[in-house]
Amino acid sequence: MLKSDKKGLSEIIGYVLLIVLAVSLSTIVYVALKEKAKFPEEMGCPDGTQILIKSVNSWPDSSTSMPLNITIQNRGRFSVDGFLLRVNNKTGEKQGVYLIERNETKIYPGNVSNFVWAANKIIEAGKIGPVISGVNFVNIQPFIKDEKTSEIRYCSEISSKVKE
C-alpha cells in the first residue's frame, strides 16, 4: 500500500515539474522575442491635430463653371503641412473617391483658410474613372511632414462635408 502511494506521488511531482519547465521555457522565449522585435514608432499625426471643413461655399457642376470653394479651419493644437482633397459625385457616399490635389499649404492652429479649385480641374480628375458630373461630397485628410526625414505622415482623422 505504501509503495503505490509513493508511485502516485512521484507521477504528480513529474507533471508539476513538466508544467513548470514548459512555463519557464515559454517565458524565456517570449522575453527573447520581445527584445528582438522592436516595433517602429507609430506613424501618423499627434493627438490634437484637427482640420475641419468649416463650409463649402460653392459646389462644382459640369453644367456650370462654378468652382469648388472650401473654407478650412485648423481647430487642433498643431499646425499641419497640407492636406489631400477628395471628392465624390455619388449621393449618400461616405468617402471621397477622386483625389483632386495634395495641397501643401501650411495651416497654423486657429487659422481659417479659403481654397478654390476650378470646376475644370475637378472634372478632369474624373477622367481617371467615370466623369464627375457634379460633386456631392468632399473630404480632406491633413498631413504633417517629418522635420528630420521629410517623410509625409497622414493623419487618420478626416473631415467631410456632404452637399445638402
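No lab work stands behind these numbers, since they all come straight from the coordinates. Since the model is a prediction, treat every value here as computed from it, not as a measurement. Positions of Cβ are generated from backbone atoms using ideal geometry, with glycine treated the same way; all protein chains shown enter the neighbour counts.
Quick one: length gained pulling residue 69 to residue 162 fully straight, 0.36 nm per residue minus the C-alpha distance? Working shown, then result.
Numbers: separation 93, 0.36 × 93 = 33.48 nm, distance 1.36 nm.
Result for the pair: 32.1 nm of gain on full extension.
In this structure, residue 145 and residue 95 have a Cβ-Cβ separation that, at R0 = 35 Å, corresponds to a calculated FRET efficiency of about 0.90.
What order do you get for 117, 59 when you list them from fewest to most C-beta neighbours inside 10 Å? Before the final figure, lay out each step's value.
On the way: 117 19, 59 22.
Fewest-to-most ranking of 117, 59: 117, 59.
So for 49, 149, fewest C-beta neighbours within 10 Å to most, what's the order? Mind showing how you got there, number by number?
Numbers: 49 22, 149 8.
Lowest count first: 149, 49.
Grab the other residues whose beta carbon is less than 10 angstrom from that of residue 137, score K and R as +1, D and E as -1, and report the net. Value of the local net charge: +4.
Filter the cross-link list 94/163; 54/106; 54/145; 94/145; 38/145 down to pairs whose alpha-carbon distance in this structure exceeds 21 Å.
Values: 94/163 12 Å; 54/106 17 Å; 54/145 24 Å; 94/145 27 Å; 38/145 24 Å.
In this structure, 54/145; 94/145; 38/145 lie more than 21 Å apart at Cα.
Treating r as the C-beta distance of residue 9 and residue 37 and R0 as 41 Å, the FRET efficiency rounds to 0.45.
Order by neighbour count: 150, 10, fewest other Cβ atoms within 10 Å first, most last.
150, 10
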